[in-house]
Amino acid sequence: MMTDPIADMLTRIRNAVRNGVESVSMPSSKKKLAVAETLQREGFIEKFEIVEKPVQNEMRIELK
């Protein structure tokens, strides 16, 4: 169980950028959706999408 999902989200994005990966996936939540909207609006990420899964929806973020 994650104790800080936003910190986990930002760490995943930071690691993906450092490794030169074009996109990163993570479990979705309302808080992460709000953070992703802000990151996109401010120009830090290209786009994001929610991928429907049977148990837990997944958020896929396309990096710049």
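The values are calculated or read from the model by the stated rules, or taken from the named source; none is laboratory data. Remember, it's a predicted structure, so these values are computed and weren't measured experimentally. Quick reminder, even Gly has a Cβ in these numbers, built from the backbone with ideal geometry, and neighbours come from all protein chains shown. SASA here: full protein model, heavy atoms, side chains in, ligands and nucleic acids out. Shrake-Rupley method; radii C 1.70, N 1.55, O 1.52, S 1.80 Å.
Just a few scattered comments:
- The chain: GluC sites (Glu not before Pro) in DSSP loop, at most 13 other beta carbons within 10 Å: 22, 42, 52
- C-alpha long axis of helix 5-18 to longest principal axis of the chain, angle in °: 40 degrees
- Mean residue ellipticity at 222 nm, helices only, the chain: -13000 deg cm²/dmol; runs of at least 4 DSSP H residues each add -39,500 (n - 2.57), and the sum is divided by the number of residues.
- Separation in nanometres of the label points that stand 7 Å from Cα toward Cβ, at residue 31 and residue 64: 2.6 nm
- Taking the accessible area of the chain, probe 1.4 Å, and keeping the other protein chains in place, the carbon and sulfur fraction comes to 51%.
- With protein chains left intact and a 1.4 Å probe, residues in region 1-42 average 73 Å² of accessible area per residue.
- Expressed as a fraction of 2.2 N^0.38 Å, the value expected for a compact globular protein of N residues, the C-alpha radius of gyration of the chain is 1.04.
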